[in-house]
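Trainee: Okay, here's the structure, questions in a sec.
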Amino acid sequence: MRYLTAGESHGPQLTTIIEGLPSLLPITAEKINYDLKRRQGGHGRGRRMQIETDTVEIVAGVRHGQTLGSPVALVVTNDDWKHWTKIMGAAQLPEDVDPNEIKRQISRPRPGHADLVGGMKYGHRDLRNVLERSSARETTVRVAVGAVAKALLNELGISVVSYVTEIAGIKADVSKVAGKSVDEIRAIVEEDPCYTVDSEASAKMVEAIDEAKKAGDSIGGIVEVIIEGLPAGIGSYVHYDRKLDGKLAQAMLSINAFKGVEFGIGFEAARLPGSQVHDEIIWDEEKGYTRKTNNLGGLEGGMTTGMPIVVRGVMKPIPTLYKPLNSVDIETKEVFKASVERSDSCAVPAASVVAEHVIAWEIATAIVDQFHSDQLPQLKAQLDAMRAYTKEY
């Protein structure tokens, strides 16, 4: 499977075309919209989320609630476009245009953003041409794509959940959900303002976010994604670009402001002897092969082990600050305070939703690529056969 997205932050819409979905997959706009709303939530979100109410329109590839096997096209309209039609319009500007019509040109790159390097790369003197596409607004439609992927995974008996494990050094006690299923964890997360699993830590996170907002600053954190229900053997060890953990790492780091990724116990493995890191193999008649622990996060040699996949991503503080850092005007070369766009004091809760969906997409893609997948019933049968085979191996 593959997809492309198009659209600018203040353009008329965000668009995606998904190719390779099996036919006969149930898809509804309502299910996609549920996850789009989650992306807009979480404590710490800024004014843009008060302007937009993201909803998806399915414009191709689905008939009467089921995929056709042809490309699926999704559109999310930007409600704020009505205020930007002259500034962001596609038509060529007339020679006698009023300068006030394009007054939102930007020549002051913001530290931590794509502004300066993007302007250099594509030859833009108005850095709005960079920030409009590099904006995290693009993750809206990636969540829509991931919601479609989750619909497929759900049909295959695979569940995905995400939550915040840390904000500004405040760590959630994830042991509180040890032994709980993905569905049980999701029920807790979706009732929490910071999308975490520890109510006491959540209250402290809320305070930290509010303090950062008052100070005109921003804070980052860590999110975790768990996937249950995968059989062993998804992915491959035979080529570097077919290793599933490599694909999941790339997906996580493709999210705006993400700077680190780890699986299982992650970087802690560097501090422990191998005897305390590797997961001992066990077997019983009911479950087949499992592991005594899951320190490697459900992946060995670029393949799933059958244990839950556990992957975490690190999000830096958002670089758009209301007490802006110094920058240099690309026209005058004078020092200025970097320009301020609408921003969040903390988007880690929302980013956990994005992480959930980009990881879900990669898992679904790996499955579709590995098995015959023109039709959903065929794919289901093959995955069930794989589960039976690996259990009896």
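The values are calculated or read from the model by the stated rules, or taken from the named source; none is laboratory data. Predicted, not measured: the structure shown is a model, and the values here were computed from it. Positions of Cβ are backbone-derived with ideal geometry, glycine not excepted, and every protein chain shown enters the neighbour counts. What goes into the accessible areas is simple: the full protein's heavy atoms, side chains included, and nothing from ligands, DNA or RNA. Shrake-Rupley method; radii C 1.70, N 1.55, O 1.52, S 1.80 Å.
Trainee: Filter the range 303-318 for residues that are more than 16 Å from PHE267 (Cα to Cα), open to solvent by 40 Å² or more (accessible area, probe 1.4 Å) and assigned to a strand (DSSP E or B) and give the result.
Mentor: Passing the criteria: only MET303.
Trainee: Restricting the range 279-297 to residues that are of a type outside the set (Ser, Thr, Tyr) and assigned to a strand (DSSP E or B), which is most open to solvent (accessible area, probe 1.4 Å)?
Mentor: Step by step, filter the range 279-297, then rank; the result is TRP283.
Trainee: Also, quick follow-up: I need a count of the residues in the range 212-236 that are of a type in the set (D, E, K, R), surrounded by fewer than 20 Cβ atoms within 10 Å (Cβ to Cβ) and either under 30 Å from LYS287 (Cα atoms) or touching a residue at least 40 places away in the same chain (Cβ under 8 Å) (or both).
Mentor: Qualifying residue count for the region: 3.
Trainee: Against the condition free of Cβ contacts under 8 Å to residues at least 40 places away in the same chain, surrounded by 13 or more Cβ atoms within 10 Å (Cβ to Cβ) and under 28 Å from the mean Cα position of the chain (by Cα), how does VAL148 come out, does it pass?
Mentor: no
Trainee: Counting only residues that are open to solvent by 90 Å² or more (accessible area, probe 1.4 Å), closer than 20 Å to LEU127 by Cβ and of a type in the set (A, V, I, L, M), how many does the range 57-105 have?
Mentor: 1
Trainee: Okay, next question. Taking the conditions exactly as written (open to solvent by 10 Å² or more (accessible area, probe 1.4 Å) and over 30 Å from MET120 (Cβ atoms)), does GLU331 satisfy them or not?
Mentor: So GLU331 does not fit the description; no.
Trainee: Could you go through the range 106-114 and let me know if any residue there is surrounded by 18 or more Cβ atoms within 10 Å (Cβ to Cβ), over 26 Å from LEU25 (Cα atoms), out of contact with any His (no Cβ under 8 Å at 6 or more places or on another chain) and among the polar types (S, T, N, Q).
Mentor: yes
Trainee: Which count do you get for residues in the range 189-211 that are surrounded by fewer than 16 Cβ atoms within 10 Å (Cβ to Cβ) and either over 21 Å from the mean Cα position of the chain (by Cα) or among the β-branched types (Val, Ile, Thr) (or both)?
Mentor: At the first step, the residues of the range 189-211 found to be surrounded by fewer than 16 Cβ atoms within 10 Å (Cβ to Cβ) are 190-191, 199-200, 203, 207, 210-211.
In the following step, the residues that additionally are either over 21 Å from the mean Cα position of the chain (by Cα) or among the β-branched types (Val, Ile, Thr) (or both) were identified as 199-200, 203, 207, 210-211.
Counting residues in the range 189-211 that are surrounded by fewer than 16 Cβ atoms within 10 Å (Cβ to Cβ) and either over 21 Å from the mean Cα position of the chain (by Cα) or among the β-branched types (Val, Ile, Thr) (or both) gives 6.
Trainee: If you check SER199, SER162, SER254, SER181, which single one turns out to be out of contact with any helix residue (DSSP H, G or I) (no Cβ under 8 Å at 6 or more places or on another chain) and at pLDDT 95 or above?
Mentor: Working: SER162 fails: out of contact with any helix residue (DSSP H, G or I) (no Cβ under 8 Å at 6 or more places or on another chain); SER254 fails: out of contact with any helix residue (DSSP H, G or I) (no Cβ under 8 Å at 6 or more places or on another chain); SER181 fails: at pLDDT 95 or above.
SER199 is the lone residue from the list that is out of contact with any helix residue (DSSP H, G or I) (no Cβ under 8 Å at 6 or more places or on another chain) and at pLDDT 95 or above.
Trainee: Inside the range 1-91, counting only strands (runs of 3 or more DSSP E) that do not spill past its ends, which hold 2 or more residues that are closer than 28 Å to VAL164 by Cβ and under 20 Å from the mean Cα position of the chain (by Cα)?
Mentor: Hits in the range 1-91: 2-6, 13-19, 72-77.
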